[in-house]
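In what follows, a single structure is set out as structure tokens and then discussed.
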Amino acid sequence: MAADHDLQELRQDVRHLKDRTEILDCITRHARGCDRHDVGLITGAYHPDATDEHGLATNTGTDYAAWANAAHEATSQVHTHNITTHACEIDGDVAHCDSYAIVVLLSKNGRTAQFISGRYLDRLERRDGQWRIAVRRSTVEVMFTADASVLQSSFFLEQGYLQGTRDKEDLSYLRPLLQETPAPARWSSA
């Protein structure tokens, strides 16, 4: 009897941990999709009938990627979406999450960067065994502009750091990742 109870409790704990991991994976896939302009990753994070609210712009899960990619393209040459603190409450096939995000956007001229700190308030639903966003509402808590001109300095440019690309040519897509694979982009003065 006690063994059956322990086994049931273990199953519930494993299911809960798997759910949390799948939910966080969905949210981070979305962030990666935004940074790589990967429509498939972004759209795949939403149920087709989902809604996403960013300020006064509300899009369906199907339409969000085109809107986000156009907005990012118009305002920046590089951006990173960083998911930090993540709270998640799961009740069966529904989860409510509060995920803190820091978004950094390098201006088109590369001299300034916008730092945005906010949160993604999400309701995710498991449908057909897949956790996806059903409702996303985004907050902005802090925003400031910083000097990014160091990226144009000869000291930095001579270092030849890798630079991410907004497409599937980015090194993060290549398998296997090898040291000798040429980088699609580097920061350089050339």
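Only the coordinates and a few stated rules stand behind these numbers; no lab work does. The model shown is predicted, which means the values in this text are computed figures rather than measured ones. Neighbour counts are summed over all protein chains in view; Cβ atoms, including those assigned to glycine, are modelled from backbone coordinates with ideal geometry.
Per-residue Karplus couplings for region 89-106, computed as 6.51 cos²θ - 1.76 cosθ + 1.60 with θ equal to phi - 60°, are listed in order as 10, 10, 9, x, 9, 10, 9, 10, 10, 10, 10, 6, 9, 10, 10, 10, 10, 7 Hz, Gly and Pro entered as x. For the peptides 5-11, 113-119, 84-90, the ranking by mean Cβ contacts within 10 Å, running from highest to lowest, is 113-119, 84-90, 5-11. Between amide H atoms placed 1.01 Å from N, distances below 5 Å from residue 101 occur with 84, 118, 119, 120, all of them 5 or more places distant or on a separate chain. Extension gain, residue 3 to residue 67, is 17.7 nm, computed as 0.36 nm per intervening residue step minus the present C-alpha separation. Please work out the Cα center distance from region 147-183 to region 29-48, rounded to the nearest Å. If we compute the Cα centre of each part, the gap is 21 Å.
Taking amide H atoms as placed 1.01 Å from N in the peptide plane, the amide H of residue 78 lies under 5 Å from those of 106, each 5 or more residues away in sequence or on another chain. The percentage of C-alpha pairs in region 2-149 whose separation is greater than 18 Å is 59%.
The long axis of helix 64-75 is offset from the longest Cα principal axis of the chain by roughly 20 degrees.
Helix content alone sets the calculated 222 nm mean residue ellipticity of the chain: runs of n ≥ 4 DSSP H residues at -39500 (n - 2.57) each, divided across all residues, give -9500 deg cm²/dmol. Per-residue Karplus couplings for region 148-159, computed as 6.51 cos²θ - 1.76 cosθ + 1.60 with θ equal to phi - 60°, are listed in order as 10, 5, 4, 5, 9, 6, 4, 4, 5, 4, 6, 6 Hz, Gly and Pro entered as x.
Going 7 Å from the Cα of residue 12 toward and past its Cβ, which residues in region 83-103 have a backbone nitrogen under 15 Å from where you end up? Only 90-93 pass the distance filter. Rounded, prolate or oblate: which fits region 108-190, taking a ≥ b ≥ c as square roots of the Cα gyration tensor eigenvalues, rounded meaning a/c under 1.5, else prolate when a/b beats b/c? Oblate is the answer for region 108-190, as a/c is 1.5 or above yet b/c matches or exceeds a/b. In order along region 11-25, the phi-based Karplus estimate (6.51 cos²θ - 1.76 cosθ + 1.60, θ = phi - 60°) of 3J(HN,Hα) comes to 4, 5, 5, 5, 4, 4, 5, 5, 4, 4, 5, 5, 5, 5, 4 Hz; Gly and Pro are listed as x.
Suppose every Lys and Arg Cβ carries +1 and every Asp and Glu Cβ carries -1, with no other charges. What dipole size does the chain come out with about its Cα centre, to the nearest 20 debye? It comes to approximately 560 debye.
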